[in-house]
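The values are calculated or read from the model by the stated rules, or taken from the named source; none is laboratory data. Everything numeric in this text was worked out from a predicted model, so none of it was measured. Glycine gets a Cβ as well: all are built from the backbone with ideal geometry, and neighbour counts include every protein chain shown.
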2 protein chains.
Amino acid sequence: MHAEIITIGDELLIGQVIDTNSAWIGEQLNLIGIKVKQITSISDDRLAILNTIEEAQQRADIILITGGLGPTKDDITKTTLCEYFKCAYRFDERVHQHLIKIFERFGRTLSDLNKKQAELPELCKTLFNANGTAPGMWFEKNGKVLVSMPGVPYEMKGIMMDEVIPKLQAHFNTQAIFHKTILTMGIGESYLSEIIAEWEDALPINIKLAYLPSPGYVRLRLSGFGNDFLELKSKVLSEVEKLKLLISNYIYGYDNETLPQLIHQELISRKKSISTAESCTGGSIAVHLIALSGSSSFFKGSIVAYSNEVKQKELGLKSETLESFGAVSQETVSEMIKGALKKFETDYAISVSGIAGPEGGTSEKPVGTVWIGVGDKQGNEIIKQYKIGNNRERNIQIAALYGLNLALKFIRGEFNLKS
Amino acid sequence: MHAEIITIGDELLIGQVIDTNSAWIGEQLNLIGIKVKQITSISDDRLAILNTIEEAQQRADIILITGGLGPTKDDITKTTLCEYFKCAYRFDERVHQHLIKIFERFGRTLSDLNKKQAELPELCKTLFNANGTAPGMWFEKNGKVLVSMPGVPYEMKGIMMDEVIPKLQAHFNTQAIFHKTILTMGIGESYLSEIIAEWEDALPINIKLAYLPSPGYVRLRLSGFGNDFLELKSKVLSEVEKLKLLISNYIYGYDNETLPQLIHQELISRKKSISTAESCTGGSIAVHLIALSGSSSFFKGSIVAYSNEVKQKELGLKSETLESFGAVSQETVSEMIKGALKKFETDYAISVSGIAGPEGGTSEKPVGTVWIGVGDKQGNEIIKQYKIGNNRERNIQIAALYGLNLALKFIRGEFNLKS
């Protein structure tokens, strides 16, 4: 089963907007076993739209189009599709009522221009757009499917999840698929692949493994393909169990979980609080910790101690420690943890000190050297040194993720500690 | 002059990587007056590459290709181009020496696989890749140009700026173009367009205006097209002068300048220091302030005071203030400024308190209400209230930008203050 994606809009071609829709759609189709052959971006131009659809029809079974469905004159996708499928318009009363409601919410009456959005080509099935005014359209012709959706990402995503994905699965009777993603941190892709090589080679033929590396972490996605969904799911999950035995130390979560979200859950369920004392990350860990609503129930505050004077005055860092070991050292990070725990009266504290670069490196402590620690008020601590890289922005970004990961493991009790 | 962009790579079609190259290339070509007609993403597949190039050749004068130039077997762009142009290989000694140097830097000797990257189709001119191992290639055929570049963004960007853009301008003898971008904040696109409508209508026919809105700010780009570059430049700049008279209050910078960079420059040239006291932004302003190397010379530290206890204990916020006005108030933000100035002993301090949402809003202080202030150690202060929006992530992000903008104007002395 092959699909093509066509994104329509002048703003894509002059670089004003990056086409993120195609990657997202590609990923969703991939998850249900449909392969994207080509992505094409064109302008709001009648001939370009007609030609591109005609060419795509020759290569693919499914064409997904986004963009060009606004109410203004420059948006011509709907009229062009009507021309392509040689059909008249029908008036969709459900869409009409939805439009009236949206306008009521903003205290306005529906304009004629917007009312026209309820006129749809009579050959299409309406794909209801809960998040916006432009409905999606589903066409079928010679066994092939053409779908048109608005270009606004969250409107398109709603239509895809609610309507297009289930309809595609039903229409093409695609085989059962089950995915499980394992989130790892603290190990590179190549070393990971060495450790799990034997397990990977022994995977059943209908279970595939994908490595999805990002800065600071690697996702492993297992995808099982077959006929019986429940059997498939249990087979994939039993492979995950085998994998866990090999790399449990590196796994921090599954599927769409994120570090801030996991820490959020752990702290709320344990009724514990946290603070941070940050140097080179400049507050990045704190920014992650407040990402989700409700964070005030566990996050108290943070001190960004960028200068040594602030580290001493605010966190009680001893001048002897600074003189003997320097600001980027295990000893300094340990005192920063204690300083934060005391200052913010929290159950846990994360602290970081490192050399983000590009200046400030030495042969002993090159750019990218970062010490990260987590401690609790009982005096337990775990402090680790990391060597990240040469890029300032990435050093800051990755050090923050490592700090969150260390904190998560510490809170979960995954380290052997004295008390 | 029409161009097409072809991006090659399986990772683009399964959604593992978002194609950011095309938007960037589209923007650069647009700046030199070349219009992109189509962007096509395909997999590393010989037939797909050959067909896509053939089709693009029929529509466009220029084809820019990225991706598929790695040394491994799955990268087949170079061999496929050799096949397309029906030519043999030549060995490029300059590229060879460059490869040897890159490998030396990592203490390795050049492998045979990588040495092959110095073999190029004899019909192409080499486009030197200073940032990586895969050189770019420039082909000409029947007056048309085809360029192949690596897919790694910073390698592609280096080749585009150093080689492709100047070569395209020379080859197609494009007309002179001059752009000037004016960066504004604190005013929406539609209100801006009302204020400048008369000026905009009176622009010379060869000077175009583009509105480029982003969350929190709007860029205005003036582009002049003509024959004489110097005359053009002076015409565009004189229009900018007229524009400044209308919206000087909202302009914070020009072209590629950023708020963190501008604050960085102002503080370093004035030998002044800064700190922050942040509540709802959770340290986001501090993270902006450390984005550039050298920030330790002016940035001392930050306190993220997420709970009221921390605001009181660490910033000296009076309980009367909290009781009478609440945490999200002008009075609280004023005390937070004074607390930060004292704590970090800096010349300036920025402070923020607001309701990021989605919970915590009231009818009097709805979600998105944010108080932001800047002060100096002489006791001058400017404090403003903003109503941003409903989205937590955007509220945090935009509040941080507004804080930086307020600080920049304050440091530049753009407010009438008592002392």
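A few notes on this one:
- Residue, surrounded by the fewest Cβ atoms within 10 Å (Cβ to Cβ), within region B:4-35, restricted to residues that are in a strand (DSSP E or B) and out of contact with any Asp or Glu (no Cβ under 7 Å at 6 or more places or on another chain): B:35
- Qualifying residue in region B:337-357 (condition: surrounded by fewer than 19 Cβ atoms within 10 Å (Cβ to Cβ), over 33 Å from the mean Cα position of the chain (by Cα) and either of a type in the set (D, E, K, R) or within 14 Å of another protein chain (Cβ to nearest Cβ) (or both)): yes
- Test: residue in region A:249-259 that is over 21 Å from residue A:409 (Cβ atoms) and away from every other protein chain (no Cβ under 14 Å): no
Condition check ((1) of a type in the set (S, T, N, Q); (2) more than 25 Å from the chain's Cα centre (by Cα); (3) farther than 18 Å from residue B:99 by Cα) across all residues:
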residue	(1), (2), (3)
B:124	no, yes, yes
B:129	yes, no, no
B:143	no, yes, yes
B:150	no, no, no
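- Yes/no for residue B:85 being aromatic (Phe, Trp, Tyr), in contact with a Pro (Cβ under 7 Å, 6 or more places away or on another chain) and at pLDDT 95 or above: yes
- Residues of region B:156-195 satisfying the condition of being in contact with a helix residue (DSSP H, G or I) (Cβ under 8 Å, 6 or more places away or on another chain), among the polar types (S, T, N, Q) and outside any helix (DSSP H, G or I): B:174, B:184
- Top-ranked residue of region B:383-397 - restricted to ones that are touching a strand residue (DSSP E or B) at 6+ places or on another chain (Cβ under 8 Å) and buried (at least 18 other Cβ atoms within 10 Å of the Cβ), ranked as farthest from the other protein chains (Cβ to nearest Cβ): B:383
- Answer residue from region B:398-415, given it is of a type outside the set (A, V, I, L, M, F, W, C) and closer than 22 Å to residue B:357 by Cα and is farthest from the other protein chains (Cβ to nearest Cβ) among those: B:402
- Region A:40-61, residues that are under 14 Å from residue A:146 (Cβ atoms) and touching a Ser or Thr at 6+ places or on another chain (Cβ under 8 Å): A:40, A:49, A:50, A:52, A:56
- Check on residue B:92, of a type in the set (Asp, Glu), within 28 Å of residue B:175 (Cα to Cα), modelled with pLDDT of 95 or more and surrounded by 15 or more Cβ atoms within 10 Å (Cβ to Cβ): no
- Complete set of residues in region A:124-134 that are surrounded by 20 or more Cβ atoms within 10 Å (Cβ to Cβ), over 17 Å from residue A:53 (Cβ atoms) and hydrophobic (A, V, I, L, M, F, W, C): A:127, A:134
- So residue A:25, is it touching a strand residue (DSSP E or B) at 6+ places or on another chain (Cβ under 7 Å), away from every other protein chain (no Cβ under 12 Å), touching a residue at least 60 places away in the same chain (Cβ under 8 Å) and within 30 Å of residue A:208 (Cα to Cα): no
- Among the residues of region A:358-382, the ones that are without any contact (Cβ under 8 Å) to a residue 12 or more places away in the chain and within 14 Å of chain B (Cβ to nearest Cβ) come to 3 in all.
- Extreme residue, farthest from the other protein chains (Cβ to nearest Cβ), among residues of region A:260-279 that are outside any helix (DSSP H, G or I) and touching a strand residue (DSSP E or B) at 6+ places or on another chain (Cβ under 9 Å): A:272
- Subset of region B:135-155 that is touching a Gly at 6+ places or on another chain (Cβ under 7 Å) and free of Cβ contacts under 8 Å to residues at least 40 places away in the same chain - its residue that is surrounded by the fewest Cβ atoms within 10 Å (Cβ to Cβ): B:152
- Test: residue in region A:240-247 that is among the acidic types (Asp, Glu), touching a Leu at 6+ places or on another chain (Cβ under 9 Å) and at pLDDT 95 or above: no
- Looking only at region B:44-83, and only at residues there that are basic (Lys, Arg) and surrounded by fewer than 22 Cβ atoms within 10 Å (Cβ to Cβ), the one that is farthest from the other protein chains (Cβ to nearest Cβ): B:73
- Among the residues of region A:280-317, those that are in a loop (DSSP other than H, G, I, E, B), more than 9 Å from chain B (Cβ to nearest Cβ) and either within 30 Å of residue A:360 (Cβ to Cβ) or not aromatic (Phe, Trp, Tyr) (or both) comprise A:316, A:317.
- From B:271, B:318, residue being assigned by TED's automatic domain parsing to the domain that holds residue B:343, surrounded by fewer than 24 Cβ atoms within 10 Å (Cβ to Cβ), closer than 20 Å to residue B:370 by Cα and of a type in the set (Lys, Arg): B:318
- Within region A:302-334, tally of residues that are in contact with an Asp or Glu (Cβ under 7 Å, 6 or more places away or on another chain) and small (Gly, Ala, Ser): 4
- The set of residues in region A:169-215 that are in contact with a Leu (Cβ under 8 Å, 6 or more places away or on another chain), of a type in the set (A, V, I, L, M, F, W, C) and under 30 Å from residue A:65 (Cα atoms) comprises A:176, A:177, A:178, A:209, A:210, A:212.
- The set of residues from region A:318-333 being within 38 Å of the chain's Cα centre (by Cα) and outside any loop (DSSP other than H, G, I, E, B) comprises A:330, A:331, A:332, A:333.
- Only listed residue being surrounded by fewer than 17 Cβ atoms within 10 Å (Cβ to Cβ), under 18 Å from the mean Cα position of the chain (by Cα) and not aromatic (Phe, Trp, Tyr), chosen from B:215, B:204: B:215
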